[in-house]
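The values are calculated or read from the model by the stated rules, or taken from the named source; none is laboratory data. All values derive from a computational prediction rather than experimental measurement. We place every Cβ from the backbone using ideal geometry, glycine too, and count neighbours over all the protein chains shown. Please note that ligands, DNA and RNA were not included when accessible areas were found on the heavy atoms of the full protein model with its side chains. Shrake-Rupley method; radii C 1.70, N 1.55, O 1.52, S 1.80 Å.
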Amino acid sequence: MIAAPEIPSEFSYTQDTDTRFSSDTDFSEDPDGRGANSAKGKGGKKGKKAAGEKGKGGKGAGRINGHHQENGMENMMLFEVVKLGRSAMQSVVDDWIESYKHDRDVALLDLINFFIQCSGCKGVVSGEMFRNMQNSEIIRRMTEEFDEDSGDYPLTIAGPQWKKFKSSFCEFILVLVRQCQYSIIYDEYMMDTVISLLTGLSDSQVRAFRHTSTLAAMKLMTALVNVALNLSINMDNTQRQYEAERNKMVAKRANDRLELLLQKRKELQENQDEIENMMNAIFKGVFVHRYRDSIAEIRAICIEEIGVWMKLYSDAFLNDSYLKYVGWTMHDKQGEVRLKCLTALQGLYYNRELNARLELFTSRFKDRIVSMTLDKEYDVAVQAIKLLTLVLNSTDEVLTPEDCESVYHLVYSAHRPVAVAAGEFLYKKLFSQREPEEEGAPKRRGRQSPNANLIKTTVFFFLESELHEHAAYLVDSLWECGAELLKDWECMISLLLDDPLPGEEALTDRQETALIEIMLCTVRQAAECHPPVGRGTGKRVMTAKEKKTQLDDRTRMTELFAVALPPLLAKYAVDAEKVTNLLQLPQFFDLEIYTTGRLEKHLESLLRQIREIVEKHTDTEVLESCSKTYHALCNEEFTIFNRVDIARSQLLDELVDKFNRLLEDFLQEGEDADEDDAYQVLSTLKRITAFHNAHDLSGWDLFTSNFKLLNTGIENGDMPEQIVIHSLQCTHYVILWHLAKSSEGSSRKDDLVTLRKQMRAFCMMCQRYLTNVNTAVKEQAFTILCDLLLIFSHQMVSGSREHLESLIYSPEDSLQSELLSFILNHVFIDQDDDTNSTDGQQDDEAVKIEALHKRRNLLAAYCKLIIYCVVEMKTGADIFKQYMRYYNDYGDIIKETMSKTRQIDKIQCAKTLILSLQQLFNEMLSELGHGFDRSSSAFCGIKELARRFSLTFGLDQVKTRDAIAMLHKDGIEFAFKDPSPQGEGGPPLNLAFLDILSEFSSKLMRQDKRTVHMYLERFMTFQMALQREDCWLPLISYRNSLQAGGDDDTMSVMSGYSSRGSSIRSKKAKPPAAAAGTSAAKRKLPEEESSSSSEVWQQSMQTPVMMPSPHLTSTAMRDPKRGRDDSYMGVYPLPHDQQQQQQQPHQHPQHHQQTPQHHQTPMDYNSQVTWMLAQRQQEEARQQQERAMNYAKLRTNLQHAISRRGTGLMEEDEEPIVEDVMMSSEGRMDDLNEGMDFDTMDIDLPPSKNRRERSELKPDYFDPASIMDESVLGVSMF
């Protein structure tokens, strides 16, 4: 690395350096100052220390390796004291200073070992090493002794013991400099030695050394900055005293005092020059290299500390020559480094007095800061927004409207800290300018309040953002900084009800709608005290203060809106959107206020308005809002319950009577009924259905009338669509309310019988409507039917509800079939085939998204039936086979269904998965025929689906053992089920399915592969094992997949020839024929010491008649040949022609009889196994020897490579923790600052404000000629 020229490896010192001071805590006790040494502050190089000085020990003979010895017992070392963190750090430092004054060599040796041990190195620097070795040699020796096995060291070790080590370590350095600031740091020995050591360690390849020394050097620099700041203050004070004394009259002037002040100023000047040299050495020797280190933690330390320097001593450090490092590092790849840059800048922008010095930096890096508001790390984005808020406070002209708009839209972010920070920025920008109120004038309220214009501004911003469905997010973003504004409901009500003032522009209809929505969101936020859905991180426990604020807000909002809500409803009664939002307000009221506040007349007015709205509107959302409002007001805990209940009952009586009368007339008219009659029936039915959702209407017997209506619709087939849909929904509510009452346990047996009859009759009615010509009717019937089947399944008796057992309803096979057909015909369709989007809006994205959402709900409803075992699990095969084709639309639903079914029954789930693959295979055969190409897209798609299914089983083979075995069993049976269409001797029709099945072979345990292989052989004939045509490749591939990684013993007499992984696992390439039929390499898992899956294989399956197993009568071997990997002795002989065909695998084999060859000596089976085992042992021994030789060569090469970096860096077989340094001495990464001349950077402390002798500050270093070219980081400096 580029070493600082001012810091040599060794330093000279005079023998009386440490005897000049009696104390280091009082500058006045050193009357001679620093005049004894004329060389300090000049930056001159020191020579070699005298030999006598090296041996100076005197009374320090009672120490070994720098450790105190008292009565034969070793005192605790500095490292242990700091590690424990129990002692007061100042007392620890004072003890070290006393030791330094007694024998500085021994004390410095203690300090050096402290830094070495803090790095995690177990080595110790001895006194001899300290006296006779260079710093670089000491560091190299310590690197050799760095024998930690893990990469952890004190700064990175987790655990309570090391939790406070870093803070204690940093505190020790700061206290050390503070206690030594008056004398010891100027002795040209202690600081020079420490800085030289830390500089050398910071350039080490060992991460622990580099990290620890960089932290120590940066904290040392921070401590020196504090010393320099104190010196500057003392110089200013001395200068003022000197000027005051010199300006006195000659008679009153004290010349002795002038001389003393001049001498003191000179001493301070020399001290400041010395501090400058030290800081320059640290900055140029450590910072300029380590702020680009490859380790993010090290870069973060550098940036954090330079921010501290600029904040503490802005006169010296707050200029562009230091700010540039922060600006460049804002482009760092690691979020924690970018975060440190932003926090460092926040400390600078917070002080408005420093803003003038930041103008050039702001203009250069403003765009980068704005872009960081969209950082992928949320913490960085939050701090970037906060930094822009500080920039906004300092000056309003820097940020352009485009910059502000890029932050504005973040108030709608789903990440709450980002949104809150953006809300604060928005509030500062738009709402900080309030109209000044005159002193003594009465406080203006309502429309005339100062908040009126701000509330209008909020409405305008909400409308301009064009995100009208996110008012709750906007309110939540502004809540922490603008709660007072958002809770000014009196002003909002006045803006809606009162007439505009003279000259004031009234709100438009769109603005009034937005204001009502925002007002509702503020009421909800104040009442619930938690963020909106999608932004909260879970409920938190509120403090006592927050609970009191919540109660106060609910009381105030109830008092305001109880009076204002009726006139608001009256004014906007015909506007459905406004009324829907206004009707939600009573849900957040404190209903006790109606009684305690004597507001009953306003309650009566509210009930009248709600009744009128119900009579005027037929919109579903409005009617449901009215129903929810009645439900909120009908609370038996409050005294207003009776009054609200009477009003509700009167309204429902009228609605039900009207519906029965209209329905009777409508059914009697039949085909003669006109549209007006249908509309009257529909509107009344809508109102009843909306109320039945939240209220129990069992006393009005709505089941009979609705069932009659539905039955008429089935018989005639001309019932209007919407009437049928709402009638189905209303009847569904009747069943559910009846069940809710029965679940309480107080119902009679007759009620259960009635409910059972009604439920079954309604299910049959819904099943009949599944064949309706109208799609909307069929979807409604399907959804309700799925809900009912789930509710009345066997799950309903759980939770001590055994008395409901008679209500359990299991769907028949015909109903299950109809439900599945509906899913296949209405869910798994292309987007363009969806006929549910009407009015020519096929191309409208919103309509397409809504249609997809509806289809997803239909699929989820059916999948719940599978998960809860309402329908047979095997019906899921038709769902699972669509996994790949419709992955983007329904992949998450199908995958979750597979996961849940596997939790219920692993084996049945596996059978369902293989059934889905079999169905796809049969569909492909019917489409392409039995002579299809296995490279076709259809076949490859099935294989890819099988691979995806295989991945869902995970890595735990023990848990899925039986399921995988059953899957292979069913797959093998399917492959050999149908005979060959080519006649005897040809491959079975479904043989290619084995190629698909091989995707699951990697999930088999090793011993199970042998069992599956044995089961496969039951379906194979003697001739099948010898076939090598392309049509037999799936069988070859599947057998290979079962034998790969299997047991080493002989698996079968029929497995000899095609075994890929038999006795010796050869690394040679496979022949093309085998390679074409094998799947991708499978993951090989460790063998489990458990028995084979006996449950799966206990089922005896007859071998198909069309493939009888051969009856072997002789064990004689005929012409044994090697397998395809040249490592296995074949059990079966190969005919002469087949031997030639194997040598020429691309030629097609010919079937003809071959005469057995007996010219070789026969070998029985046991002899063959013995021979194989011997061959395997020899091969394994040879491979082990080769691996040992390769490892030895690798170790030798590694040691040579390391020795080339530095001779004697480490001993044999000792590997230190070595990492590449990012852009330091070896430049292994791209140099971001290529071409920089760091020698131009000197720390030049500013002159005292009143001192005329010193020169001006150095010119601006924000100069491309002295810094970097414009291509660096893509940041233009001008």
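Observations on the model:
- If only residues of the range 618-653 that are acidic (D, E) and modelled with pLDDT of 90 or more are counted, the one that is most open to solvent (accessible area, probe 1.4 Å) is E621.
- Restricting the range 124-138 to residues that are touching a residue at least 24 places away in the same chain (Cβ under 8 Å) and not in a helix (DSSP H, G or I), the residue that is least open to solvent (accessible area, probe 1.4 Å) is V125.
- Within the range 345-378, tally of residues that are closer than 13 Å to S394 by Cα and open to solvent by 50 Å² or more (accessible area, probe 1.4 Å): 7
- A761 vs. criteria within 19 Å of H826 (Cβ to Cβ), among the small types (G, A, S) and open to solvent by 20 Å² or more (accessible area, probe 1.4 Å): no
- All positions within the range 981-1001 that are open to solvent by 20 Å² or more (accessible area, probe 1.4 Å) and at negative phi: P981, Q982, E984, L989, E999
- Tabulated pairs, the range 458-479, first under 13 Å from P531 (Cβ atoms) and open to solvent by 10 Å² or more (accessible area, probe 1.4 Å), second polar (S, T, N, Q) and modelled with pLDDT of 95 or more, C-beta under 9 angstrom, 6+ apart or interchain: W479/T522
- Screening the candidates L342, L392 for the property of being crowded, with 19+ Cβ neighbours inside 10 Å and free of Cβ contacts under 8 Å to residues at least 40 places away in the same chain yields one hit, L392.
- Of all residues in the range 509-527, those that are small (G, A, S) and farther than 18 Å from D552 by Cβ total 1.
- In the set F707, F659, F666, only one residue is hydrophobic (A, V, I, L, M, F, W, C) and without any contact (Cβ under 8 Å) to a residue 40 or more places away in the chain; that residue is F666.
- Any hit, the range 254-264, residues being more than 20 Å from I303 (Cα to Cα), open to solvent by 10 Å² or more (accessible area, probe 1.4 Å) and touching a strand residue (DSSP E or B) at 6+ places or on another chain (Cβ under 7 Å): no
- Any hit, the range 899-912, residues being over 17 Å from D995 (Cα atoms), open to solvent by less than 20 Å² (accessible area, probe 1.4 Å) and not in a helix (DSSP H, G or I): no
- Exclusive hit being modelled with pLDDT under 90, within 23 Å of K429 (Cβ to Cβ) and under 41 Å from the mean Cα position of the chain (by Cα), set L454, L485, L467: L467
Residue-wise test of (1) under 45 Å from the mean Cα position of the chain (by Cα); (2) modelled with pLDDT of 95 or more; (3) hydrophobic (A, V, I, L, M, F, W, C); (4) open to solvent by 10 Å² or more (accessible area, probe 1.4 Å).
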{"site": "N711", "(1), (2), (3), (4)": "no, no, no, yes"}
{"site": "V753", "(1), (2), (3), (4)": "no, no, yes, yes"}
{"site": "K757", "(1), (2), (3), (4)": "no, no, no, yes"}
{"site": "K778", "(1), (2), (3), (4)": "yes, no, no, yes"}
{"site": "S817", "(1), (2), (3), (4)": "yes, no, no, yes"}
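- Search result, residues across the range 572-592 that are open to solvent by less than 20 Å² (accessible area, probe 1.4 Å), over 19 Å from A694 (Cβ atoms) and part of a helix (DSSP H, G or I): K578
- Every pair of residues 6+ apart whose Cβ atoms lie under 6 Å, when the first sits in the range 973-986 and is free of Cβ contacts under 8 Å to residues at least 12 places away in the same chain while the second is open to solvent by less than 20 Å² (accessible area, probe 1.4 Å): S980/G986; S980/P987; S980/P988
- Candidates L951, L917, L955, L928, filtered to the one that is crowded, with 19+ Cβ neighbours inside 10 Å and not hydroxyl-bearing (S, T, Y): L917
- Within the range 496-524, the residues that satisfy the criterion of being part of a helix (DSSP H, G or I) and more than 19 Å from V574 (Cα to Cα) are I518, M519, C521, T522, V523, R524.
- Flag for K166 being modelled with pLDDT under 90 and closer than 20 Å to F115 by Cβ: yes
- The listed residue being exposed (fewer than 14 other Cβ atoms within 10 Å of the Cβ), in a helix (DSSP H, G or I) and either within 48 Å of the chain's Cα centre (by Cα) or modelled with pLDDT under 95 (or both), out of L569, L603, L560, L551: L551
- As a summary of the residue check, C121 satisfies the conditions (1) of a type outside the set (S, T, N, Q); (2) more than 16 Å from L78 (Cα to Cα); (3) outside any helix (DSSP H, G or I) except for the one numbered (2).
- Residue that is farther than 30 Å from D498 by Cα and modelled with pLDDT under 95, where the choices are S449, S363: S363
- Evaluated against (1) surrounded by fewer than 17 Cβ atoms within 10 Å (Cβ to Cβ); (2) in contact (Cβ under 8 Å) with a residue 12 or more places away in the chain; (3) within 37 Å of the chain's Cα centre (by Cα), E171 falls short on exactly one condition, (1).
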